[in-house]
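Reading through the structure tokens given below for one structure.
The values are calculated or read from the model by the stated rules, or taken from the named source; none is laboratory data. Remember, predicted model here, so these are calculated numbers, not experimental data. Cβ atoms come from the backbone with ideal geometry, glycine included; neighbour counts cover every protein chain shown. SASA here: full protein model, heavy atoms, side chains in, ligands and nucleic acids out. Shrake-Rupley method; radii C 1.70, N 1.55, O 1.52, S 1.80 Å.
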Amino acid sequence: MKIQKPAKAGTMESNDIYIMVQPNDEGGVILNLESIVMTQFGNQIKTVIMETLKELGVEDAVVTAKDRGALDYTIRARIETAVKRGM
Amino acid sequence: MKNILGREIPEFVEGYGKVKPFGGAFNNLGEVTKKEVRVKSAVPGETKVLSTIREAIEKCNLKDGATISFHHHLRNGDYVLNMVLEEVAKMGLKDIKVAASSIFPVHAPMVELMKSGVITGVYANYMSGPVAEAISKGLLKNPAVMHTHGGRARAIESGDLHIDVAFIAAPTADTYGNINGVEGKAACGTLGYAIPDAMYADRVVAVTDNLVPYPACPIDIQQEYVDYVVAVESIGDPKGIVSGTTRITKDPVGLKIAKMTSQVIEASGLLKDGFSFQTGAGGTSLAVAAYVKELMKKKGIQGSFAAGGVTGYIVEMFEEGLFRSIFDVQCFDLKAIESYKNNKAHQGMSASMYGNPHNRGAVVNNLDVMILGATEIDVDFNVNVTTGSNGVIMGGSGGHSDTAAGAKLAIIVTQLVKGRLPIVVDKCTTVTTPGESIDVIVTERGIAVNPRRTDLIEKLKTTNLPVMTIEELKKIAEDMTGKPEKIQLDDEIVAIVEYRDGTVIDVVKKVK
């Protein structure tokens, strides 16, 4: 799946995550993550985002994620929505 | 060494001294001696009114290394602490210890003074904002000492915390040092936390923006304790002092927790005539009060007293006759101030009367039910309200440990998960209140009772409340969030958490 245009999903509300995806002509996935639980869950959030992108077949993208304590299913849903909006 | 809770603490901490390890909530009672107080007697005809804070500092002969104290009834609207410290810094004083009953974001200027060595020590029962963050980063020379509200009163009375000069923010003061908190543009109600300072400091300065002719009745702090009075333009911003109204939560999760909590209280058998109750000002705590109110009305119960930091909601219950009286150490809103001012059964209390374990009996000892919060609670029911899960200081006991120790039923009310962080954990980052004082935790997903309370477990079996073990509660939380990675902290100790009896329940390490 190829990201054609910038797209976003999610909010900056507590327990949500704000996702923005953009095309990456250079190739590969660049992830910029901010999280209020970075020390405790930073690695887990990165893994979930990368896995979800892979499942969706996204190989090239710049992903900006601003996490406010979202659970994994929220993260997956927001990524999927942003990606589909950006197709 | 390890204290009785298994917390690793050194025997000696540089800048604090020898550590007395925590040995149980009631391990340290018995006969105590209070300190001697130095008093400079007043000569008839002498004036107490001085024109500036600087003059007061000079008259009090404040020296390098001294301890000065402040009370926190003006909360995040307080100007007095910053005003005094600014003057202290201008005078070139160094190595000052600040004993403020609580520190708020408004006190941010302290950070620069910590860096420059003007302030080298801090004592507080609660701290949030830039000062707390700076202490967590190791910017204060000596470890901060975190007291409880009752423990601070104990430390002052025993001499463990000697105050050279107490600066008392006075909403109203007269020319001979009588202070009241109910009049003036910075009215804040009772001045309970300032009373031990006034009684035991070497010198006491009232700082007021409402200097009135003698006498300033009604009197909260009497002239016999006050050396000097200084009038200033303003002691605080009313917007930061009181909230206009305190509101019950509308959040359905908070309401569910509150309703279940009221059912636990009902099942406990404590809800009968003479019932006594304390709750905080948070939305969920107030919602508990709302459900308890319904139950009391339905059953026709009149309680003996409600206590605490008092909100308008508690005042309404009192005015409706649900409680015969209020014990008030701190007014949270305008309605509480009005009631404290006008109603004799709305009784002020000092920090010592509220929670000091080493007096002839504190109000907390007569509490039936106490509603408390938690940042973390571990499987031994130990509670952290001092540091966030990232290890940074963001609070402190306040009255948490005092009320939990005294109340027959101390209930923690909290969401099971906050911003992805599970609240029930294997080990708290910091222990504020020992598990032996906590009886039950109520979350939206389930209720866990301290195994020591077999009687309560039996009583709750007769209800259809979702009672489970705390380990089960922890598993539900971790199934939702995943297991958090352990935070890495430095070895340096930045704060000592003293239990109410002056023993050390835990230490706070510097954040990396």
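At a glance:
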read-out: Flag for A:Asn43 being open to solvent by less than 70 Å² (accessible area, probe 1.4 Å) and either at negative phi or within 14 Å of chain B (Cβ to nearest Cβ) (or both); value: no
read-out: Positions within the stretch B:393-446 being polar (S, T, N, Q), more than 14 Å from every other protein chain (Cβ to nearest Cβ) and not in a strand (DSSP E or B), in sequence order; value: B:Ser397, B:Ser401, B:Thr403, B:Thr414, B:Thr430, B:Thr432, B:Ser437
read-out: Candidates B:Lys510, B:Lys483 - the one that is within 28 Å of B:Arg420 (Cα to Cα) and within 14 Å of chain A (Cβ to nearest Cβ); value: B:Lys483
read-out: Residues being open to solvent by less than 20 Å² (accessible area, probe 1.4 Å) and in a strand (DSSP E or B) - total across the stretch B:499-512; value: 5
read-out: Members of the stretch B:55-78 found to be open to solvent by 90 Å² or more (accessible area, probe 1.4 Å) and either assigned to a loop (DSSP other than H, G, I, E, B) or in contact with a helix residue (DSSP H, G or I) (Cβ under 7 Å, 6 or more places away or on another chain) (or both), listed by number; value: B:Asn61, B:Lys63, B:Asp64
read-out: Subset of the stretch B:139-174 that is more than 26 Å from B:Thr33 (Cα to Cα) and among the hydrophobic types (A, V, I, L, M, F, W, C) - its residue that is surrounded by the fewest Cβ atoms within 10 Å (Cβ to Cβ); value: B:Leu139
read-out: Residue satisfying all of: in the stretch A:58-71; within 14 Å of chain B (Cβ to nearest Cβ) and over 11 Å from the mean Cα position of the chain (by Cα); surrounded by the most Cβ atoms within 10 Å (Cβ to Cβ) among these; value: A:Ala70
read-out: Residues being in contact with a helix residue (DSSP H, G or I) (Cβ under 7 Å, 6 or more places away or on another chain) and open to solvent by 20 Å² or more (accessible area, probe 1.4 Å) - total across the stretch B:466-497; value: 5
read-out: Search result, residues across the stretch B:454-480 that are within 14 Å of chain A (Cβ to nearest Cβ), among the aliphatic types (A, V, I, L, M) and in contact with a strand residue (DSSP E or B) (Cβ under 6 Å, 6 or more places away or on another chain); value: B:Ala477, B:Met480
read-out: Out of A:Glu51, A:Glu13, A:Glu34, sole residue that is charged (D, E, K, R), assigned to a helix (DSSP H, G or I) and open to solvent by 80 Å² or more (accessible area, probe 1.4 Å); value: A:Glu51
read-out: Residue satisfying all of: in the stretch B:140-157; in a strand (DSSP E or B) and among the hydrophobic types (A, V, I, L, M, F, W, C); farthest from B:Asn125 (Cα to Cα) among these; value: B:Ala144
read-out: Meets criteria (in contact with a Pro (Cβ under 8 Å, 6 or more places away or on another chain), over 21 Å from B:Glu14 (Cβ atoms) and in the same structural domain as B:His73 (by TED's automatic domain parsing)) for B:Pro109; value: no
read-out: Single match in A:Glu55, A:Glu26, A:Glu13 (criterion: more than 11 Å from the chain's Cα centre (by Cα), over 19 Å from A:Met87 (Cβ atoms), of a type in the set (D, E, K, R) and away from chain B (no Cβ under 11 Å)); value: A:Glu26
read-out: Odd one out for A:Met50 among (1) in contact with a Lys or Arg (Cβ under 9 Å, 6 or more places away or on another chain); (2) free of Cβ contacts under 8 Å to residues at least 60 places away in the same chain; value: (1)
read-out: Residue pairs meeting the criteria (Cβ under 8 Å; at least 6 apart or on separate chains; first touching a residue at least 12 places away in the same chain (Cβ under 8 Å), in the stretch B:176-195; second among the aromatic types (Phe, Trp, Tyr)); value: B:Tyr176/B:Tyr214; B:Gly177/B:Tyr225; B:Gly177/B:Tyr228; B:Asn178/B:Tyr214; B:Val182/B:Tyr340; B:Gly189/B:Tyr340; B:Thr190/B:Tyr340; B:Gly192/B:Tyr354
read-out: Near pairs, Cβ below 8 angstrom, 6+ apart or cross-chain, from the stretch B:339-351 (open to solvent by less than 10 Å² (accessible area, probe 1.4 Å)) to any residue that is of a type in the set (Lys, Arg); value: B:Ala351/B:Arg152
read-out: Which numbered condition B:Val84 fails, given (1) more than 16 Å from the chain's Cα centre (by Cα); (2) surrounded by fewer than 24 Cβ atoms within 10 Å (Cβ to Cβ); value: (2)
